[in-house]
Amino acid sequence: MNSELPDGYELSTDPARLDAELVHRWLSQDAYWALGRSRDKHDRAVAGSLNFGVYDTASGAQVGYARVVTDRATFAWLCDVYIDRAARGKGLGTSLVAAIRDHLTPYGLRRVMLATADAHAVYAKVGYEPLADREKWMLFGEQ
């Protein structure tokens, strides 16, 4: 499942491979959208999601993470996309998002959504576009 990633990295959806403590630290301490997220809330989010880990094939260390909340039939929400600061600049973020897109394709989902404040270019490279008709969409919760 590593065909989309640069040489030396692999992708896995095996939840047993996730370094839960590391992923929680990345998100709760370094990701603007999840700052301060509790470990309990993080663990519940992981348990209810399809999880993707990126790993250095030489060391086995986890260097990236993303999760997808989906019914595997009509809709998915891509979230918590994170690449370790030391591994950035190698195309891993774009490759991870492309691999997730390809993983979800067989489900025939009507839409896969995400929200970003600063990574629009990363997602645009793999086909994401701004909402065409924002007036249709509504939100309950934080803006």
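General observations
- Most to least packed among 55-61, 134-140, 40-46 [average Cβ atoms within 10 Å]: 40-46, 55-61, 134-140
- Helical runs assigned H by DSSP (4 residues or longer) give the chain a calculated mean residue ellipticity at 222 nm of -7500 deg cm²/dmol, each run adding -39500 (n - 2.57) before division by the residue total.
- GLY64 long-range amide H proximity, modeled H, under 5 Å: VAL54, ASP84
- Lysines with Cα under 23 Å of LYS90, excluding same-chain neighbours fewer than 8 positions away: LYS125
- With every protein chain in place, segment 23-143: carbon and sulfur % of accessible area (1.4 Å): 53
- Fully extending the segment from SER59 to ASP14 would add 14.5 nm, taking 0.36 nm per residue of separation and subtracting the current Cα-Cα distance.
- Among 9-21, 85-97, the peptide with the highest mean count of other Cβ atoms within 10 Å heads the list, and the full ranking is 85-97, 9-21.
- Solvent-accessible area per residue for the chain (1.4 angstrom probe, square angstrom): 60
- Given +1 at the Cβ of Lys and Arg, -1 at the Cβ of Asp and Glu and no other charges, the dipole of segment 1-72 around its Cα centre is 380 debye to the nearest 20.
- Spin-label model, MET138 to SER38: label points 7 Å out along the Cα-to-beta-carbon direction sit 2.9 nm apart.
- Cα-centre dipole for the chain with unit charges at Cβ (Lys and Arg positive, Asp and Glu negative), debye to 20: 260
- Check: segment 81-126 dipole with +1 on Lys, Arg Cβ and -1 on Asp, Glu Cβ, in debye: 60
The values are calculated or read from the model by the stated rules, or taken from the named source; none is laboratory data. These figures come from a predicted structure and were not determined experimentally. Please note: Cβ atoms are built from the backbone with ideal geometry, for glycine as well, and neighbour counts cover all protein chains shown. The accessibility values were calculated without ligands, DNA or RNA, using every heavy atom of the protein model including side chains. Shrake-Rupley method; radii C 1.70, N 1.55, O 1.52, S 1.80 Å.
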